[in-house]
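Colleague: Let me begin by handing over the structure; questions about it come next.
The values are calculated or read from the model by the stated rules, or taken from the named source; none is laboratory data. A quick note: this is a predicted structure, and the numbers were derived from the prediction, not measured. In this analysis, Cβ positions are derived from the backbone assuming ideal geometry, glycine residues included, and neighbour counts consider all displayed protein chains.
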Amino acid sequence: MKLFAGNAIPELAQRIANRLYTSLGDAAVGRFSDGEVSVQINENVRGGDIFIIQSTCAPTNDNLMELVVMVDALRRASAGRITAVIPYFGYARQDRRVRSARVPITAKVVADFLSSVGVDRVLTVDLHAEQIQGFFDVPVDNVFGSPILLEDMLQQDLDNPIVVSPDIGGVVRARAIAKLLNDTDMAIIDKRRPRANVSQVMHIIGDVAGRDCILVDDMIDTGGTLCKAAEALKERGAKRVFAYATHPIFSGNAHDNIKNSQIDEVIVCDTIPLADNIKALPNVRSLTLSGMLAEAIRRISNEESISAMFEH
């Protein structure tokens, strides 16, 4: 087994390597003077079981090109098997044509890109839509950040907690968390989105008065959804509001939205590096998925079950 990493998530890649008691492979990943991606593998990988650790987060296109060029370099160096470890899979929200609009299904384009360049397997975390696994022509292991988030929830001193889904689409995720969190109650926020990245809270289904609310989502982008949800929950008498999400995109006005919000604490994972201004917020905290991803990599390398990691 050999691990390589691009420039997207160097800290997480190093943590994973440390967990596996190994070092990251020697690869020079940079740019030519005109901005094109430059990759050179500086060690023998012939016949090796290779894992490339690279989220396709912002700058999305740069990180994606780093990944595919690394795959090509390793394939041409006769690597035996190449697994792309993509903790955050960019373009996942472009997974369908809404109302048959003249738009691409870019998640499928990226899947085809990775498959065609020579990826043998993909390991990712909390895909925005699980059916994206079917876009690939190679096996995909989609593991879950929920055990790490749940462990943190159980360590919180929660007062009569209730799990809240910020929208109808997240009900299945919220229900699963509620069941694992001592089968606690669940509430749902019904909202309507007038335009991209703008959401309006409409109605709360469930009694949140006097309770600690746990908002769960797969990602936080601008934070508008969660911040408006927290405001609505506090207006309905919620005691405290915690927001848990796997992927901390934090784009646009996310910093100001969270800073000025009613959310008591935002807890995310390290699938995407946090910008310095986000790190400086006192109510934002990051958990590492390095242990879980290291175990998944070990199991893939040893041909062991991944699903067994999540059996309860």
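Colleague: For residue 61, work out the one condition from (1) in a helix (DSSP H, G or I); (2) surrounded by 14 or more Cβ atoms within 10 Å (Cβ to Cβ); (3) not β-branched (Val, Ile, Thr) it doesn't fulfil.
Modeller: (2)
Colleague: Separate question: Among the residues of segment 113-131, write down those that are in contact (Cβ under 8 Å) with a residue 24 or more places away in the chain, assigned to a helix (DSSP H, G or I) and surrounded by fewer than 22 Cβ atoms within 10 Å (Cβ to Cβ).
Modeller: Within segment 113-131, 113, 117, 131 qualify.
Colleague: Out of the residues in segment 10-33 meeting the condition of being within 29 Å of residue 250 (Cα to Cα) and of a type in the set (S, T, N, Q), tell me which one is surrounded by the fewest Cβ atoms within 10 Å (Cβ to Cβ).
Modeller: Only one residue fits best here, namely 18.
Colleague: Filter segment 132-155 for residues that are part of a loop (DSSP other than H, G, I, E, B) and under 19 Å from residue 289 (Cα atoms) and give the result.
Modeller: 144, 145
Rundown of residues vs (1) in a loop (DSSP other than H, G, I, E, B); (2) surrounded by 13 or more Cβ atoms within 10 Å (Cβ to Cβ); (3) touching a helix residue (DSSP H, G or I) at 6+ places or on another chain (Cβ under 7 Å), yes/no style:
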{"residue": "35", "(1), (2), (3)": "yes, no, no"}
{"residue": "39", "(1), (2), (3)": "no, yes, yes"}
{"residue": "43", "(1), (2), (3)": "yes, no, no"}
{"residue": "50", "(1), (2), (3)": "no, yes, yes"}
{"residue": "56", "(1), (2), (3)": "yes, yes, yes"}
{"residue": "68", "(1), (2), (3)": "no, yes, yes"}
{"residue": "73", "(1), (2), (3)": "no, yes, no"}
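Colleague: Working only within segment 204-220, note down all residues that are under 27 Å from residue 127 (Cβ atoms), aliphatic (A, V, I, L, M) and either modelled with pLDDT of 95 or more or crowded, with 24+ Cβ neighbours inside 10 Å (or both).
Modeller: 214, 215, 216, 219, 220
Colleague: Related question: I need the full set of residues from segment 75-89 which are assigned to a loop (DSSP other than H, G, I, E, B) and either touching a Pro at 6+ places or on another chain (Cβ under 6 Å) or surrounded by fewer than 23 Cβ atoms within 10 Å (Cβ to Cβ) (or both), in order please.
Modeller: Across segment 75-89, the qualifying residues are 77, 78, 80.
Colleague: Across segment 269-284, what is the total count of residues that are out of contact with any Leu (no Cβ under 7 Å at 6 or more places or on another chain) and either touching a residue at least 12 places away in the same chain (Cβ under 8 Å) or among the charged types (D, E, K, R) (or both)?
Modeller: Residues meeting the conditions: 11.
Let's see how each residue does on (1) of a type in the set (D, E, K, R); (2) at pLDDT below 95; (3) closer than 27 Å to residue 49 by Cα:
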site	(1), (2), (3)
96	yes, yes, no
101	no, yes, no
106	no, no, no
111	no, no, yes
119	no, no, yes
130	yes, yes, yes
136	no, no, yes
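Colleague: Specify which of the listed residues (231, 265) is surrounded by fewer than 18 Cβ atoms within 10 Å (Cβ to Cβ) and modelled with pLDDT under 95.
Modeller: It is 231.
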